[in-house]
Amino acid sequence: SSSVQKLKILQINILEPNQNYKEVVDLVRKQSPDIVSFEEVGLEWGKQLDASLTEYPYKQICPQEGYFGLAMFSKFPFKAERRVMSKQGIPILLAEVDVNGTRLNYLAVHTLPPVRSAFLADRNEEMSKLAFLTKGMNGPVVLAGDLNCSPWSNAFTRLCSEGNLRDSEQSFGP
């Protein structure tokens, strides 16, 4: 019989101008996820998270000014790379997490908001690239983040179907 490894994941868009550092850290501690990823990590947020979340021995922090810095903290070892898949230069974090001998592919993503037609086209192109990337991965895949779209948008529907992904809001989450 095969055993299923349960994994608790928390994904937070912290809204970069927000300065409620203690509240965010308290939430992470209260939830105690195995993996937590953050979007909108500015320079100060990167410092605060790094200094505060000491119970996570594995981390990758890629802060940047504006709204597209990323960070990932894990109780399991991982190798991560910052990769740009967007014409606008928006990064993703792509990680291989070793969960007790099982490889988990974890992507922390924050796409552009579709406030201009160029941003919409770029977001949709990035989501197509993400689908292609996830479809080719071996092992389980978690794509967590702020995709700046509704669950019924065509881009999201295509991401799930073409990327072999399931929407965690559709009864797959807690």
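The values are calculated or read from the model by the stated rules, or taken from the named source; none is laboratory data. Not measured: the values here are computed from a predicted model. Don't worry about glycine lacking a Cβ; one is built from the backbone with ideal geometry, like all the others, and counts go over all protein chains shown. These area figures cover heavy atoms from the full protein model, side chains too; ligands, DNA and RNA do not enter into them. Shrake-Rupley method; radii C 1.70, N 1.55, O 1.52, S 1.80 Å.
Quick look at the values:
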{"read-out": "Theoretical ellipticity at 222 nm over the chain - DSSP helices of four or more residues, -39500 (n - 2.57) apiece, nearest 500", "value": "-9000 deg cm²/dmol"}
{"read-out": "Packing rank of 103-110, 25-32, 141-148, 118-125, where each peptide gets the mean count of other beta carbons within 10 Å, highest leading", "value": "103-110, 141-148, 118-125, 25-32"}
{"read-out": "Solvent exposure of the range 1-111 as accessible area per residue, Å², 1.4 Å probe", "value": "51"}
{"read-out": "Tally of Lys pairs whose C-alpha atoms are under 14 Å apart, taken over the chain, 8 or more apart or cross-chain", "value": "9"}
{"read-out": "Restricting the range 42-118 to GluC sites (Glu not before Pro) in coil, as DSSP defines it, with at most 14 other Cβ within 10 Å", "value": "Glu55, Glu65"}
{"read-out": "Cα gyration tensor, the range 11-166 - rounded (a/c under 1.5), prolate or oblate", "value": "oblate"}
{"read-out": "Rel. contact order, % - alpha carbon contacts under 8 angstrom, at least six apart, the range 50-148", "value": "21"}
{"read-out": "Average Cα contact separation per residue, the chain, under 8 Å, 6 or more apart, as relative contact order %", "value": "16"}
{"read-out": "Dipole in debye (nearest 20) - the range 69-115, about Cα centre, beta carbon charges: Lys, Arg +1; Asp, Glu -1", "value": "80"}
{"read-out": "For the range 50-174, with +1 on Lys and Arg beta carbons and -1 on Asp and Glu, the positive-most of Cys160, Ser52, Val99 along the dipole", "value": "Cys160"}
{"read-out": "Full-stretch length increase - Leu43, Asp167 - with 0.36 nm per residue and alpha-carbon distance subtracted", "value": "41.5 nm"}
{"read-out": "Global form of the range 90-174, assessed from the alpha-carbon gyration tensor, a/c cut-off 1.5", "value": "prolate"}
{"read-out": "Cα gyration tensor category, rounded, prolate or oblate, for the range 38-103 with a/c compared to 1.5", "value": "oblate"}
{"read-out": "Net dipole in debye of the chain [+1 Lys, Arg Cβ; -1 Asp, Glu Cβ; about Cα centre; nearest 20]", "value": "380"}
{"read-out": "Given charges at Cβ of Lys, Arg, Asp, Glu: the chain dipole, positive-most of Leu112, Cys62, Val142", "value": "Val142"}
